[in-house]
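These notes are about the structure you will find just below.
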Amino acid sequence: NTGVLVRAYAYIRAHGASGLCEVSDDAVLAANYLKHRLAGTYDLPYDRPCKHEFVASAASIKAATGVRTLDIAKRLIDFGFHPPTIYFPLIVEEGMLIEPTETESVETIDAFADRLIAIAAEAVADPELVTSAPHTTPVRRLDEATAARQPNLRWRPMTGAETPCPN
């Protein structure tokens with residue numbers, strides 16, 4: 001894809017060698033900071049310093065409350081956070097691959113960590129709140145098994161009764 005290659009080239013040229021080292025260091029620092037913030041709330045199957053990403057697990061939360069990683073990911077959407085990749089790697093039960101980018105501020109990383117910790121507390125206090133998320137999106141939770149087996153790929157124009165998704 002030419003657009004992706006041009007964007008990557010422009011990023012490299014804009015930062016230069018020393019800038020690329022700095023943003024790489026920032027990504028590693030952000031990942032280790034976030035990992036430290038989540039320790040004690042989420043399981044850390046690989047409890048050692050990480051590079052730019054790490055794996056956390058909600059296996060203990062699931063065992064105690066029935067709330068799955070998918071539920072936690074859907075609940076993050078309610079608060080405007082893009083969920084991390086879930087169930088990866090496949091060898092980690094209820095795994096989340098968390099990869100904060102080098103451009104995230106400490107405030108954003110703290111807000112993300114605070115929200116993940118709060119969702120873990122919600123799972124204990126009110127599991128239904130988490131398992132029924134998302135609550136603030138125009139489309140509620142889909143039946144993912146049916147969606148994968150019978151995808152609806154047809155476009156249809158909006159009628160006057162429908163409204164576009166609010167942003």
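May I ask you to list the residues in the range 73-107 that are within 15 Å of the chain's Cα centre (by Cα), farther than 17 Å from PHE54 by Cα and outside any loop (DSSP other than H, G, I, E, B)? Lay out the reasoning, then the answer.
Within the range 73-107, the first condition is being within 15 Å of the chain's Cα centre (by Cα), and the residues that meet it are 73-89, 94-101, 104.
From what is left, the residues that are farther than 17 Å from PHE54 by Cα are 74-81.
Answer for the range 73-107, where residues must be within 15 Å of the chain's Cα centre (by Cα), farther than 17 Å from PHE54 by Cα and outside any loop (DSSP other than H, G, I, E, B): LYS74, ARG75, LEU76, ILE77.
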Next on the checklist: Going residue by residue through the range 13-30, is there one that turns out to be open to solvent by 30 Å² or more (accessible area, probe 1.4 Å), more than 26 Å from ALA111 (Cβ to Cβ) and hydroxyl-bearing (Ser, Thr, Tyr)?
Outcome noted: yes
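Here is a check on your reading of the model: is ARG141 assigned to a loop (DSSP other than H, G, I, E, B), more than 24 Å from ASP43 (Cβ to Cβ), without any contact (Cβ under 8 Å) to a residue 60 or more places away in the chain and among the charged types (D, E, K, R)?
Against the criterion (assigned to a loop (DSSP other than H, G, I, E, B), more than 24 Å from ASP43 (Cβ to Cβ), without any contact (Cβ under 8 Å) to a residue 60 or more places away in the chain and among the charged types (D, E, K, R)), ARG141 does not qualify.
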Next on the checklist: Can you go through LYS62, LYS35 and tell me which one is under 18 Å from VAL130 (Cα atoms), part of a helix (DSSP H, G or I) and either at pLDDT 95 or above or not hydroxyl-bearing (Ser, Thr, Tyr) (or both)?
Outcome noted: LYS62
Checklist entry - What are the residues in the range 85-129 that are closer than 16 Å to ALA39 by Cα and open to solvent by 20 Å² or more (accessible area, probe 1.4 Å), if any? => result LEU97, GLU99, ASP110, ALA111, PHE112, ASP114, ARG115, ILE117, ALA118, ALA121
Checklist entry - (1) part of a helix (DSSP H, G or I); (2) closer than 18 Å to THR101 by Cα; (3) among the charged types (D, E, K, R): which one isn't true of LYS51, the others all being true? => result (1)
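The values are calculated or read from the model by the stated rules, or taken from the named source; none is laboratory data. Keep in mind that this is a model prediction, so the values were computed, not measured. Ideal geometry is used to build each Cβ from the backbone, glycine not excepted, and the neighbour counts take in all protein chains shown. Note: accessible area is taken over every heavy atom of the protein model, side chains too, but ligands, DNA and RNA are not part of it. Shrake-Rupley method; radii C 1.70, N 1.55, O 1.52, S 1.80 Å.
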